[in-house]
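Here's the structure we're looking at; comments come further down.
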Amino acid sequence: MTRRVLTILLAAAVLAVAMPVYASGNSAEAQLEADLTEIMESHNLDESNIAFGYRRTTDWRQIWYNEDTLFQAASVYKLALNMYYYEQEAAGLISPDAAFNGVPLSQCHQQSLQYSNNDLSQAMLDSAFPDFSDYKRMAAAYAGIDERALSDEYLYSSQFNVRIMLGILQYLYDNSETTFSEAIGYLKAAQPGEYFKSGVTEYEIAQKYGYDTYNGGPLYIATVGIVYADEPFLLAVFTRGVAGAGNVIGEICRAFCDYNDAEREPLPEPVAPEVLCTSPVTPDVPPEARMDEFAAAAAVLAAGLSLIPGAGNAAALCFRNLSG
């Protein structure tokens, strides 16, 4: 695990303009690697049971682990579903008064996003996407992924991966002050003190969680959301059969929040190179100095041409033109 996480962190560091550092002088990447290593070793985590992805919205620095592996996402699917309906409302294609199981859509959003109501969410899903694979295509489109790149395993299951979920979160964040402003409010109110909010309390967090078992198998718990730090960041964490997964997800959020908030060394002030300017168009070179320079260059050229038979007249003409 250590080598895998280290590889990801080093890849992120290569993209950095200024290496983040803690006050102690240790790199933030090294500290994050240490924090994640401790979390994963203490909870027996590896690629078989966890995936996560982080993106800082200010500079798109990204850190991934197991990002393309599909995990059951449970109620996390409701995020993209509600985003679809919000866009339909904004386009005037459906009324907020449209009813699902007798409940107006305007109320369904809160029930689905904040309280994760299964029955209303299922009614919304069935109404818009009788074929579930069409919903999966729509969700991937929010992440900018062409449907030709989608596997049958993704299309015909309730599974997602971290890469797609971060793309959905990015679209949500980019439109969070317009189309999805109400959704953000419901997500911020969801599950206080749990999941991401169990590890980070100093910032608002818009999160959507999900948990469920499938065919008598292990419990899947997932959380995706936006942490409104001074530099907001996106985070998605999927787990499979992890004991105390809700708190583990909070620990991972804490580690990324510390990394995100780490002090950065300021970029050094640019220093102009000490070189002589010989450009004839540089304003700080007096015209007289440029003419003297040209005259000297013309004299050298004329002397060289005089050594070539028949070139003397050309040399003289060149010298007269350049010297005035």
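The values are calculated or read from the model by the stated rules, or taken from the named source; none is laboratory data. Just so you know, these numbers come straight off a predicted model, no measurement behind them. Cβ coordinates were reconstructed from backbone atoms using ideal geometry, including for glycine residues, and neighbour counts include every protein chain displayed.
Looking at the range 67-83, which of its residues are surrounded by 18 or more Cβ atoms within 10 Å (Cβ to Cβ) and of a type outside the set (S, T, N, Q)?
Start the filter on the range 67-83 by keeping residues that are surrounded by 18 or more Cβ atoms within 10 Å (Cβ to Cβ), which leaves 67, 71-83.
Hits for the range 67-83 are Glu67, Phe71, Ala73, Ala74, Val76, Tyr77, Lys78, Leu79, Ala80, Leu81, Met83.
Rundown of residues vs (1) surrounded by 15 or more Cβ atoms within 10 Å (Cβ to Cβ); (2) assigned by TED's automatic domain parsing to the domain that holds Glu67; (3) out of contact with any Phe, Trp or Tyr (no Cβ under 9 Å at 6 or more places or on another chain); (4) modelled with pLDDT under 95, yes/no style:
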position: Gly225; (1), (2), (3), (4): yes, yes, no, no
position: Asp230; (1), (2), (3), (4): no, yes, no, no
position: Leu234; (1), (2), (3), (4): yes, yes, no, no
position: Val237; (1), (2), (3), (4): yes, yes, no, no
position: Arg240; (1), (2), (3), (4): yes, yes, no, no
position: Gly246; (1), (2), (3), (4): yes, yes, no, no
position: Cys257; (1), (2), (3), (4): yes, yes, no, no
position: Pro266; (1), (2), (3), (4): no, no, yes, yes
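Out of Ser116, Ser158, Ser133, report the one residue that is modelled with pLDDT under 95 and of a type in the set (Ser, Thr, Tyr).
Values: Ser116 fails: modelled with pLDDT under 95; Ser133 fails: modelled with pLDDT under 95.
Every option except Ser158 fails the conditions.
If you go through the range 39-66 one residue at a time, how many are small (Gly, Ala, Ser), outside any loop (DSSP other than H, G, I, E, B) and surrounded by fewer than 17 Cβ atoms within 10 Å (Cβ to Cβ)?
Residues of the range 39-66 small (Gly, Ala, Ser): 42, 48, 51, 53.
Next, only the ones that are outside any loop (DSSP other than H, G, I, E, B) stay: 42, 51, 53.
Checking which are surrounded by fewer than 17 Cβ atoms within 10 Å (Cβ to Cβ) leaves us with 42.
Matching residues across the range 39-66 total 1.
Just checking, how many residues over the range 201-215 are surrounded by fewer than 19 Cβ atoms within 10 Å (Cβ to Cβ), within 21 Å of the chain's Cα centre (by Cα) and not aromatic (Phe, Trp, Tyr)?
Adding up the residues that qualify gives 1.
Looking only at residues that are surrounded by fewer than 16 Cβ atoms within 10 Å (Cβ to Cβ), under 22 Å from the mean Cα position of the chain (by Cα) and in a helix (DSSP H, G or I) in the range 142-155, which one is modelled with the lowest pLDDT?
Checking each candidate, the answer is Glu147.
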